[in-house]
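Note sheet for the following structure.
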2 protein chains.
Amino acid sequence: MADSSAPTRVMMAVNESSLKRYPHPSISCRAAFDWTLSKLIRSNTGGFHLLFLHVQVPDEDGTYTSAPSPCLLSIKCEAWIRQGDPKEVICSEVKRVHPDLLVVGSRGLGPFQRVFVGTVSEFCVKHAECPVITIKRKANEAPQDPVDD
Amino acid sequence: MADSSAPTRVMMAVNESSLKRYPHPSISCRAAFDWTLSKLIRSNTGGFHLLFLHVQVPDEDGTYTSAPSPCLLSIKCEAWIRQGDPKEVICSEVKRVHPDLLVVGSRGLGPFQRVFVGTVSEFCVKHAECPVITIKRKANEAPQDPVDD
């Protein structure tokens, strides 16, 4: 268990907020990021390497609006952008990058909503070729207006 | 991110091997445990607290054969046994114990097998009230004879 071994490479899937044209990550993936820092990485910043995969879904007019945020942590970070269907993009990038762990936030949909929406996280748990952690958003973290999600 | 905060409480769901009457954990959950030690906890043994939930399914004659293993790690550990349907027991214990993270191993079944078998891990990802990490067994970790699983 000595940390002389290579850092654990954690890929974090970052989706943009549904508040279009304002480049910030969604509430779910910000919560997943905060949780990963405080509960997994803790003080062991040298033991981890964060890989931020920003997945952008084209707007109807074909433009892309979000961008990677600068990384101000004392942890080695990388960030890059891919465009397309999030679940397919994430699994394809896992195959290419070989992270030790994939972190995905989830809106914690109920069964009724899930039937219609499907979830990126469920797809990744089944298909990504690495361990996957699913972090559901708590009920009190849901936005009052879904457009702010 | 200072580790003056309370340790991260990691619940590990341990199922017995299908090699009945021999008390040892399944290949999947041993792999998940090894991965958790080497990739998450790493050298930060003071930052984590391991909670081993051993779930036992009654044999046909109603006896239970496995038992918690002694914990020889320099990490604070607890272990206990519950009996019943693993997916229901695990989610119920998460509700009772409130871990920060649930670790579940998965046999990595293909889509055809999954239809018939269902998986404990999929159920836990959907229903457990905490973040869940699913660790699929690698193809080369599958036993030659399924009875050794």
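Among the residues of the stretch B:129-149, is any at pLDDT below 90, more than 20 Å from A:VAL132 (Cα to Cα) and touching a Pro at 6+ places or on another chain (Cβ under 9 Å)? Taking every residue of the stretch B:129-149 in turn, at least one turns out to be at pLDDT below 90, more than 20 Å from A:VAL132 (Cα to Cα) and touching a Pro at 6+ places or on another chain (Cβ under 9 Å). Among the residues of the stretch A:20-53, those identified as modelled with pLDDT of 85 or more and in a loop (DSSP other than H, G, I, E, B) are A:ARG42, A:SER43, A:ASN44.
The values are calculated or read from the model by the stated rules, or taken from the named source; none is laboratory data. Everything numeric here is computed off the predicted structure, so don't read it as measured data. When we count neighbours, we look across all protein chains shown, and the Cβ atoms used for this are built from the backbone with ideal geometry, even at glycine.
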